[in-house]
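Here is the structure we will look at, set down as structure tokens.
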Amino acid sequence: MRTHFSGSADRSHRFAASGLTPSSLGGITELRYSEQPGMMQLLLLPVLKQLSTQSRWQLWLTPAHKLNRSWMQQSGLPLEKSMHITESERFSTVESMVKALRTGNYSVVLAWIPYELNDTERQELELAAAEGEALGLIMRPQESVRALSRQPDATKIPSDLFH
């Protein structure tokens, strides 16, 4: 994971409340998760809770699923700082993720991308995350190697996150 911080003093407020240092943000991470119930929450919730202490938003880019608001509330994630956009095409998801990361308005941008990124896509995402000092989380089920021939909306997402 590549990180970058410009050192601007006016951005220090993003990190003060969360206890994170500026250099700990600004990169892309891929999370391949098991379809096992509870595994997603175990891995994802601590990161999202930590990032929710920042003043910035959390953006969820998902296939044709709606975020489960009850799960978010029960998990302690702030609904008032969460935004959800449904994406269905490969290029629109990566392009949307790049644009969102670059703005600096989001502490984290989560996207379900069921295929391997090419080098150009990965580099664009890394540069955008560094520029916006944001974390980009690419979510992919472990079985995605078999799912490559399927359409992106065929990706299984743990049902307790969405309804």
Karplus (6.51, -1.76, 1.60) ³J(HN,Hα), θ = phi - 60°, over segment 119-125, in Hz, Gly and Pro reported as x: 4, 5, 4, 4, 5, 4, 5
Cut-off under 5 Å, modelled amide H: who pairs with LEU135 long-range: GLY26, GLY27, VAL108, VAL109
Residue-normalised accessible area of segment 27-141, expressed per residue, 1.4 Å probe, Å²: 44
Amide H within-cut-off set for HIS84, under 5 Å, with H built and near neighbours excluded: TRP60
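The values are calculated or read from the model by the stated rules, or taken from the named source; none is laboratory data. The model shown is predicted, which means the values in this text are computed figures rather than measured ones. When the accessible area is computed, the model is the full protein with side chains, heavy atoms only, and any ligands, DNA or RNA have been set aside. Shrake-Rupley method; radii C 1.70, N 1.55, O 1.52, S 1.80 Å.
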